[in-house]
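First up is the structure itself, then whatever we jot down about it.
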Amino acid sequence: MPQPKMRFIPGVVPNAGTLSFSFEGNEIPARPGETVASALMRAGVPVLRRTRIENQPRGYFCGMGICWECAVFVEGTGVVRSCGEPARPGMVVRLAEAEV
Amino acid sequence: MANPVFTPTNANSDAPVIVIGAGPAGLACAQELVAGNRRVVLIDDNIQPGGQYFRQLPPGYSTAPRARLMRDKARYDDLARVLDSPLLTHLPRTTAWSFPQPGTVAHAGPLGSGRIAGSAVVIATGAQERSMPFPGWTLPGVISAGGCLNLAKAHGLVPEGRVVVAGNGPLVLVAAATMAAAGARVTTVAEAQQSRRLAGAALSGVVAAPGILAKAAQYRAQILRAGAAWKTGWMVSRAHGDETLREVSIAPVGPDGRPDLTRERTIPADLLVLGYGLMPGSDAARLLGCRMELRPDLGGLVPVRGPDLQTSTAGVYAVGDGAGIGGVEVALIEGRLAAHAILGTPAPKQLAHRYRTLDRFRRALNSAYVLPTPLRAADDDTIICRCEELRLRDLKADGNAASGSLNTLKTSSRLGMGRCQGRNCLHTAAGLLGLSPETMVETMPRFRPPLRPVPLARLAADRDAGPAREPDEIILSEAKD
Ligand SMILES: Cc1cc2nc3c(=O)[nH]c(=O)nc-3n(C[C@H](O)[C@H](O)[C@H](O)COP(=O)(O)OP(=O)(O)OC[C@H]3O[C@@H](n4cnc5c(N)ncnc54)[C@H](O)[C@@H]3O)c2cc1C
C-alpha cells in the first residue's frame, strides 16, 4: 500500500528552487527553507526513527519540540528534531535508532 | 551560596526585561514594554516568532489569497513589528534552559549561549498537550492536534489521505476545521465530552466572548461542509497498522471512562489527529521556585499569581497558556497587563474589564470540557512512555508501582527519563496507576536544568554554567476557587 503523502496546501508558495539531501541512502528533494520532516513527509516517508529496544517505527507526532519522536540522525550534527531542522543541500540523514 | 536578592522591577531599571516565549503572550508583552521604552530580550526556541497560534511558514514562503490557512496574519504582522525595535533583542532558536539565579536566565542555541541578568522575567512559555495512550498510538500517522495545526501553519502541508480527528477540548474543533479548510478529507470528528455538558459553557460565552463563539460556529460549519461525521461522547479505542496507520477504532465513552467496546467501530484512516486537551507548561515556573497550585479550571498545575500576574517569586511574571489555559485572546491581554505592571503604569480600564470577562469565560469553558471520569483506553500492552518504551504492564510490574510516588517509580522503571523529560508520560502514568492529581503533583520528579534537551556542545559554550538552582519540591499552595 502506498504511504499517505503530504502535499503543499493549495496556494502555499514555497521558496523557488530545489535542493536535495539523502535519507537512508535515498535522494530526497526539498525546497529551500523547508524542514527535513516536511520534505520527508512529502516524499511519502512516514517513519523517521526506530526505537532502541523494540525497533518500532515512529514518526512526526507533536510538531512543537516536546516529544522527539521525529528525531533523525544528521551526519556531522547528531540527533535533531526533523520538524525544526531546515534541510541543507547534501545533508546526510538517516533514521535515528540507538542514539535517541 | 546565597543568591543575590532579585529586586522587583521599577520603571528606571536599566536591565532589560527577559521575556521567555515569543507566542501571542510574549509578543504582546514585549510590544507593550517597548512602547513604554523598556529594553526587552525575547527568547524563543523556534526559528520564527509567533508561538503556537501565530506559527509561521518557513522564511521566504508566500501564500496566494486562495490559500486557506486560517492563521490570522494581519494581527500577527501588527504584533511582529515590535521585532524591528532597537529596544528589542530577539534570540530565535534559543532555549532558556536554566535560572542560575532568580532574574538571570541561562540560554543556549546555535546562535550562541550565555546568561542574561534581567530586571524582570516574564514566563510566556505556553502549553503542551495531554496524552491519552491507547493501543497503536505510537504508529506513524498518529499525530497530536498541535502537530496537525503545525503541519498546516509551519510547514504548509495537508495530508492526501483520510483524516480522523479525536479528542477532548476546543483544539479538536480547531484542528479539524484547519484540516478541512486546507483541503484534507476529514471523515470523522470525535469529541469525548457529551454535548449537553458543553452547551452550558457555550451559553455563558454568548455574553462573554461572542467573537470566540462565532469562530467556533464557523469551525463547526467548516467541518460539516467537508462532509465529516461529528460525534460527541466518543473516543479512540485503538489504532491499527504495521509500519503506519491504516485504521482507527472509535467507541462511545463508557461511564468508567473506558471505550464501550460492544459498540466499537473501525474506520479506514491515513492520519489520526489526537487532541486530548492542553495543560500549562509549568516547567519554567517550577524551576524558578514559584508557588504552584492545581486548578482544573485553568487546565492543571499553574503558578499562583497576584492581580498583577506576578508569581510568588518577586519580579517573575507568568502570562498566557503557560499560566493557565485560555487561548490566544487571554494570552494577548495577559501579556499586556504584565507589561503594565512591570512598567508601573496603570492598565487601560477597558483592557482590565475585557480580561475579567474573558477570564470568567475561559474558566467556564475549561471546566465544561472536564470529563466526569478520566478517559482510559490503554490496555496492559500499550506503550505509556514513548521514549523508554515502557508498557502499562511494565509499570504495573515494577516493584515501586504501589509506592504512590512518581519519583520513586521513575528511578526504578526509567519512566520519564528520555528526551521528552517526562512531559508525555508522567501525567498519564499517574492516572493509570491510580494516583490522584494531588499525589501526582506532590510526587512528580523535580525539573532539573536543562529545561529542554540542549546539545552538550551548546551548554559547554556557557563557560561558568555552575550548579543551577533546584527547588527541592513543587511548592503547592492551597487551591482556592
Ligand atoms: C501545539 C499547539 C498548537 C496550538 N495551535 C493553536 C491554533 O492553531 N489555534 C488556536 O487558537 N490555539 C492553538 N493552540 C492553543 C495556544 O496555546 C494558544 O492559543 C496560544 O498560542 C497561547 O499563546 P502563548 O503565548 O501563551 O503560548 P505559545 O503560543 O505556546 O508560545 C510559547 C512559546 O514559548 C516557547 N518556549 C517554551 N519554553 C521555552 C523555553 N524554555 N525556551 C525558549 N522558548 C520556549 C515555545 O516554543 C513557544 O514558541 C495551540 C497549542 C498547542 C500546544
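We did not get these values from a lab; they are worked out from the coordinates using the rules stated. Everything numeric in this text was worked out from a predicted model, so none of it was measured. Positions of Cβ are generated from backbone atoms using ideal geometry, with glycine treated the same way; all protein chains shown enter the neighbour counts.
Structural remarks
- Farthest positive-ward along the range B:131-276 dipole, Cα basis, beta-carbon charges - from B:Asn150, B:Ala229, B:Pro135: B:Ala229
- Straight Cα distances below 12 angstrom link B:Lys349 to none of the aspartates and glutamates, with same-chain residues fewer than 8 positions distant left out.
- Within a straight-line Cα-Cα reach of under 29 Å, B:Lys410 can be paired with the following lysines, leaving aside sequence neighbours fewer than 8 residues apart in one chain: B:Lys396.
- Low-density loop cleavage sites - trypsin sites (Lys or Arg not before Pro) in the range B:11-109, where at most 11 other Cβ are within 10 Å (DSSP): B:Arg66
- Packing, taken as the mean count of other beta carbons within 10 Å per residue, orders the peptides B:57-65, A:89-97 from highest to lowest as A:89-97, B:57-65.
- Choice from A:Glu27, A:Glu75, A:Glu54 with maximal GNM fluctuation in chain A (Cα, 10 Å cutoff): A:Glu54
- Only one residue of B:Ser413, B:Leu332, B:Ser249 has its Cα farthest out toward the positive end of the dipole of chain B, where Lys and Arg carry +1 and Asp and Glu -1 on Cβ, and that residue is B:Leu332.
- For the range B:30-129, size of Cβ-based charge dipole, Lys and Arg +1, Asp and Glu -1, in debye: 200 debye
- Lacking any other cysteine beta-carbon closer than 4.7 Å, the following Cys residues of chain B have no compatible partner: B:Cys29, B:Cys148, B:Cys290, B:Cys387, B:Cys420.
- Springs join every pair of Cα atoms under 10 Å in this Gaussian network model of chain A, and among A:Val36, A:Val80, A:Val12 the largest mean-square fluctuation is at A:Val12.
- Surface/4 of the Cα convex hull for chain B, nm²: 22.5 nm²
- For the protein assembly as shown: rounded, prolate or oblate by the Cα gyration tensor [a/c cutoff 1.5]: rounded
- Each other residue within a Cβ distance under 15 Å of A:Pro86 adds +1 if Lys or Arg and -1 if Asp or Glu, for a net charge of +2.
- Distance between the 7 Å Cα→Cβ label points at B:His240 and B:Ala402: 3.8 nm.
- The modelled label-to-label distance for the pair B:Arg196/B:Ser62, using points 7 Å beyond Cα in the direction of Cβ, is 5.5 nm.
- A full extension of the chain between B:Lys73 and B:Asp380 corresponds to an added length of 106.0 nm, given 0.36 nm per residue minus the alpha carbon distance.
- Distance violations [Cα-Cα > 24 Å] among A:Lys5/B:Lys215; A:Lys5/B:Lys153; B:Lys73/B:Lys215: A:Lys5/B:Lys215
- GNM on chain A, alpha-carbon springs under 10 angstrom: the most fluctuating residue among A:Gly11, A:Gly25, A:Gly78 is A:Gly11.
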